[in-house]
Amino acid sequence: MALAMRIAISGSHSLGKSTVVNDWVALNGDYMREEEPYRVLGLRGPYEIRFREASTRLHNGIQMYYSIGRLNRYFTPAEQVIFDRAPVDYIAYSQYTANQHLTDIDDDFVLSMVSAVRESLERLDVLAFVPQSEDWPVAMEDDGIRPVDHSYRDEVDVIFKQIYRDGRFDILPKKSPPLLIELVGSPERRLLQLAQAVEQVQVETR
């Protein structure tokens, strides 16, 4: 029986995360795809979720707890799943809004999210960060869903890099942390990097 594998793809918007998820599921038919919380709760759900400097504690809080709740659903060896976004994402986006000083999201609120997110990451096997990179720039897609604002994407990407590369918020759990990797380059190269990470985790846990 295959080892249970829980993967989350994380990072700023319009950088190819959903492409990674879709391509991975297309190549690995035993994996379930977990949709990003905004699409479930806002786009197709009952909430009017706002972005940029208009986000509120409600907007980001419900997405974070939905993300954590979905992650908690998978725990048996037969359940292979890949998540479009991770709980960490809502810390990064909340920090962006806190920096604007325009809503009820402030630094204290961001810090209040950290403990729950850190604990939830114990249930991930691979946490894959998609950074913005000059080596493989991704065009901003105007699909009517994601904000088409380059500075917004760039500033959120900087916060993600502070979290994942510089250890801001000390987000990884000390017990059972996921394997943290970065996915860079072409879609094909990203899939290869993800496959190598999954293989590494499987070998280490046998």
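If packing is taken as the average count of other Cβ atoms within 10 Å, what order do 91-98, 105-112, 11-18, 170-177 fall into, highest mean first?
Working: 91-98: 25.4, 105-112: 16.0, 11-18: 23.1, 170-177: 12.9.
With the highest mean Cβ count within 10 Å placed first, the list reads 91-98, 11-18, 105-112, 170-177.
Where only protein heavy atoms count, and the probe is 1.4 Å, what is the accessible area per residue for region 1-116 in Å²? Don't jump to the answer; show the numbers that get you there.
Numbers: 4960 Å² over 116 residues.
For region 1-116, the solvent-accessible area averages 43 Å² per residue.
What value, in deg cm²/dmol to 500, does the helix sum -39500 (n - 2.57) over DSSP H runs of n ≥ 4 give at 222 nm once divided by the residues of the chain?
Working: 6 runs with 87 residues, N = 206.
The per-residue figure over the chain is -13500 deg cm²/dmol.
Would you mind checking which residues have amide H under 5 Å from A86's amide H? H placed 1.01 Å from N; only 5 or more apart, or other chain.
Hits under the 5 Å cutoff: G11.
Quote to one decimal, in nm, the extra length available between S176 and Q100 on full extension: 0.36 nm per residue of separation minus the C-alpha distance between them.
Numbers: separation 76, 0.36 × 76 = 27.36 nm, distance 3.46 nm.
In short, 23.9 nm is gained.
Any number yet on Rg/Rh for region 1-106, C-alpha, Kirkwood? Intermediate results must be reported in sequence, preceding the final value.
Working: Rg = 14.9 Å, Rh = 14.6 Å.
Reported Rg/Rh, Kirkwood definition of Rh: 1.02.
Angle, helix 187-205 long axis vs. longest principal axis of the chain, Cα atoms, 0 to 90°, nearest 10?
60 degrees
Would you mind putting 153-165, 56-68 in packing order, based on average other-beta-carbon counts within 10 Å, highest first?
Working: 153-165: 18.6, 56-68: 20.4.
Going by the mean number of other Cβ atoms within 10 Å, highest first, we get 56-68, 153-165.
Give me the percent of accessible area attributable to carbon and sulfur for the chain, probe 1.4 angstrom.
Numbers: 4950 of 9860 Å².
Accessible surface attributable to carbon and sulfur in the chain totals 50 percent.
The values are calculated or read from the model by the stated rules, or taken from the named source; none is laboratory data. All values reported here derive from a predicted model rather than from experimental measurement. Glycine gets a Cβ as well: all are built from the backbone with ideal geometry, and neighbour counts include every protein chain shown. All accessible areas refer to the heavy atoms of the entire protein, side chains included, with ligands and DNA or RNA removed. Shrake-Rupley method; radii C 1.70, N 1.55, O 1.52, S 1.80 Å.
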